[in-house]
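Written below as structure tokens is the structure these notes are about.
Nothing in this text is a laboratory measurement; each read-out follows from the coordinates by a stated rule. Source: prediction; values computed, not measured. Please note: Cβ atoms are built from the backbone with ideal geometry, for glycine as well, and neighbour counts cover all protein chains shown.
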Amino acid sequence: MFRLVERFFSIQGEGRYAGVPSYFLRTGGCNLRCPGFGAAYEVDGERRLGCDTWFAVDRECAGAWESVESAEELLRELDEAFEKIGYLPHLILTGGEPLIYGADPVFYGVVEGLVDRGVRVTFETNGTVEPEFERYLAYRECIYSLSVKLSNSGEAKERRINPAALEAIAANASEYFLKFTIDRKLIESGRAAEEIAEIRALLPEAEVFCMPVGESRESIWHNDRAVFEFCLRYNYRYSDRLHIRIFDMTQGV
């Protein structure tokens with residue numbers, strides 16, 4: 001069994017496939033909390049700070065998460081959704097951290113079924129959980145958007161960087177790329193360049209996308225120009241966050 005927060009059809013908003021029509025499965029739960037990103041929310045009247053998808057990370061929100069107990073049932077529902085769409089969209093497994101369920105038989109059954117159907121599957125992962133590629137062969141056919149966290153996440157380095165996991169993904173995945181969420185302060189301190197260079201040393205062939213910190217239209221503009229200029233300087237790819245620009249803080253879009 002695994003936990004699902006939401007499912008929806010939309011446009012990929014960031015990274016290499018920004019602008020591509022995609023079907024999203026957002027899993028619940030994460031091995032990181034990223035309090036440094038500063039997204040404010042309330043649970044039972046208590047104000048908290050954390051990930052910009054806090055509703056998929058904070059386990060006190062788990063009462064609203066769906067329990068998926070049958071891969072066949074979810075695949076049947078996805079087949080119906082794809083039939084209504086009229087084509088097989090790119091499918092994004094995001095979170096939270098979807099790979100915390102990597103060894104779950106129901107979760108793997110869904111991924112395997114999608115791959116067998118010819119669906120392009122992307123994991124949006126923080127890169128700290130190593131898939132068992134030798135045991136679960138369908139994971140080799142997937143794309144990995146490696147959103148490795150930097151110091152601005154508020155997570156300790158030993159928690160947010162797992163060299164063995166990153167190198168295993170690079171060695172086994174059909175495709176992968178790096179995607180960093182950075183802000184003006186991290187850039188101006190010089191840490192953004194240093195920390196990204198350290199991670200690139202592990203994955204020298206990876207294409208690098210950088211996007212601005214911000215969970216809303218109101219907050220994202222504080223960082224977007226600094227990230228844009230940073231990418232020009234270091235020859236990285238600028239990634240906007242189209243879903244935030246268009247839908248602001250609305251979930252499920």
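Within the same chain, lysines fewer than 8 places from K157 are excluded, and of the rest, those with a Cα less than 29 Å from its Cα are K149, K179, K185. Counting only aspartates and glutamates at least 8 places from K84 when in the same chain, those with an alpha carbon closer than 19 Å to its own are E6, E72, E73. Only DSSP H runs of four or more residues enter the estimate; each adds -39500 (n - 2.57), and after division by the residues of the chain the mean residue ellipticity at 222 nm equals -9500 deg cm²/dmol. Report the far tail of the P(r) of the chain, meaning the percent of Cα-Cα pairs longer than 28 Å. Of all Cα-Cα distances in the chain, 30 percent exceed 28 Å.
For region 21-169, the orientation-averaged shadow of the C-alpha convex hull comes to 9.5 nm² (one quarter of the hull surface).
The residues K179, K84, K185, K157, when put in order of fewest to most other Cβ atoms within 10 Å, stand as K84, K157, K185, K179.
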